[in-house]
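Peer 1: Take this structure first; my questions come after.
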Amino acid sequence: MKYVITIAALLPLLYLTTCQEETPEEMLDRASLTINLTHLVDGQNLVYETQTYTNTVGERYIIQDFKYYLSNIKLRNSATGAYYLEPDSYHLVRHEEGKDFQIVIEGIPAGAYNEMEFAIGVDNGANTSTDKVGALDPGNQMAWDWNTGYKFLLLEGKFGQSEENLDEGLVYHIGGDANYRVLKFDMAMTKLENDRTKTVAINADAASIFAEPTPVSFSEHPVVMGDPFSTKVADNYAANMFQITAIE
């Protein structure tokens, strides 16, 4: 089960490894978690340029670039209240042909967790400045040229009414505090053990960006950036884009 929270603006997040103070013995027990993201379109592997897709209103399209920020990863044990929030948790996820994208988190307090939470976008505290490094480096081409802040999700391509006539530009750059989305996932009761790594496999289906709850017509919305319609697009991918498929 997944829950979606819409947050317009957040105060800077504090890093807490657990809501309880750790003893020296507990501090020695650390585990790792790998998040493995597989990018799909309508259940098939995402392929740039050469693969043509059809949206829910019958328009054909290709994808040329796809990336997004996955941030503020948190694990929680709902029974005990203990949780772990990854520090400096900003990851620029890029689709690369023929491979999954992996996020490796180390130093997690060993124990059992049954909820995972992460955001799509950049929280308000980091979004008000673009003088960062790493995933938030403006050189990654995800900072706005005309305003302070970041593009939370970027999808670019071409569309048309037929596979032979894909000559219209498709530009979806979604950002702004109103489009910051926090997603929560049920991951059963997963035990993270000392010096061991668990892998959470997640499918991320780009077709959901243009589907429910608001089907998108490219003819009506070929370019979506700072306009109000971007909020509907954010609602779409928050609702259906990510699904946990396995925990191993």
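The values are calculated or read from the model by the stated rules, or taken from the named source; none is laboratory data. Quick caveat: nothing in here was measured; it's all calculated off a predicted structure. Please note: Cβ atoms are built from the backbone with ideal geometry, for glycine as well, and neighbour counts cover all protein chains shown. Please note that ligands, DNA and RNA were not included when accessible areas were found on the heavy atoms of the full protein model with its side chains. Shrake-Rupley method; radii C 1.70, N 1.55, O 1.52, S 1.80 Å.
Peer 1: Can you compute 3J(HN,Hα) from phi for each residue in region 218-227, using the Karplus curve 6.51 cos²θ - 1.76 cosθ + 1.60 with θ = phi - 60°, rounded to whole Hz and x for Gly and Pro?
Peer 2: 3J(HN,Hα) across region 218-227, in whole Hz: 5, 4, 7, 9, x, 10, 10, 9, x, 7.
Peer 1: Among MET187, THR214, LEU33, whose Cα lies farthest out toward the positive end of the dipole of the chain, if unit charges sit on the beta carbon of Lys, Arg (+1) and Asp, Glu (-1)?
Peer 2: MET187
Peer 1: With angles folded into 0 to 90 degrees, how steeply does helix 229-240 sit against the dominant principal axis of the chain? Use alpha carbons for both and round to 10.
Peer 2: Its long axis makes an angle of about 50 degrees.
Peer 1: With θ taken as phi - 60° and the coefficients 6.51, -1.76 and 1.60, list the Karplus ³J(HN,Hα) couplings across region 135-151 in order, rounded to whole Hz; mark glycine and proline as x.
Peer 2: Values per residue, Gly and Pro as x: 4, 8, 4, x, x, 7, 6, 10, 8, 5, 7, 10, 7, 6, x, 10, 7 Hz.
Peer 1: Here is a further query. Suppose all protein chains stay in the model; what accessible area per residue would a 1.4 Å probe give for the chain, in Å²?
Peer 2: Using a 1.4 Å probe on heavy atoms only, each residue of the chain averages 47 Å².
Peer 1: Working only with C-alpha atoms, what are the Rg and Dmax values of region 170-239, expressed in angstrom?
Peer 2: Looking at region 170-239, its Cα Rg and Dmax stand at 16.4, 53 Å.
Peer 1: Carbon and sulfur: what percent of the chain's accessible surface (1.4 Å probe)?
Peer 2: 48
Peer 1: Assign unit charges at the C-beta atoms only (+1 for Lys and Arg, -1 for Asp and Glu), then state the dipole size of region 99-156 relative to its Cα centre in Debye, rounded to the nearest 20.
Peer 2: Roughly 80 debye for region 99-156.
Peer 1: Also, quick follow-up: Rounded to the nearest 500, what is the 222 nm mean residue ellipticity of the chain from helices alone, with -39500 (n - 2.57) per DSSP H run of 4+ residues and division by all residues?
Peer 2: -2000 deg cm²/dmol
Peer 1: Taking all protein chains together and a probe of 1.4 Å, list MET187, MET225 from the most accessible to the least accessible.
Peer 2: Sorted by accessible area, descending: MET225, MET187.
Peer 1: Still on this structure, please answer the following. Let me understand the chain better: what is its radius of gyration from the alpha carbons, and its Dmax, in angstrom?
Peer 2: Using the Cα atoms of the chain, the pair Rg, Dmax is 18.7, 65 Å.
Peer 1: Return a whole-number percent for the relative contact order of the chain, with Cα pairs under 8 Å and 6 or more residues apart as the contact set.
Peer 2: About 28 percent, as a whole number.
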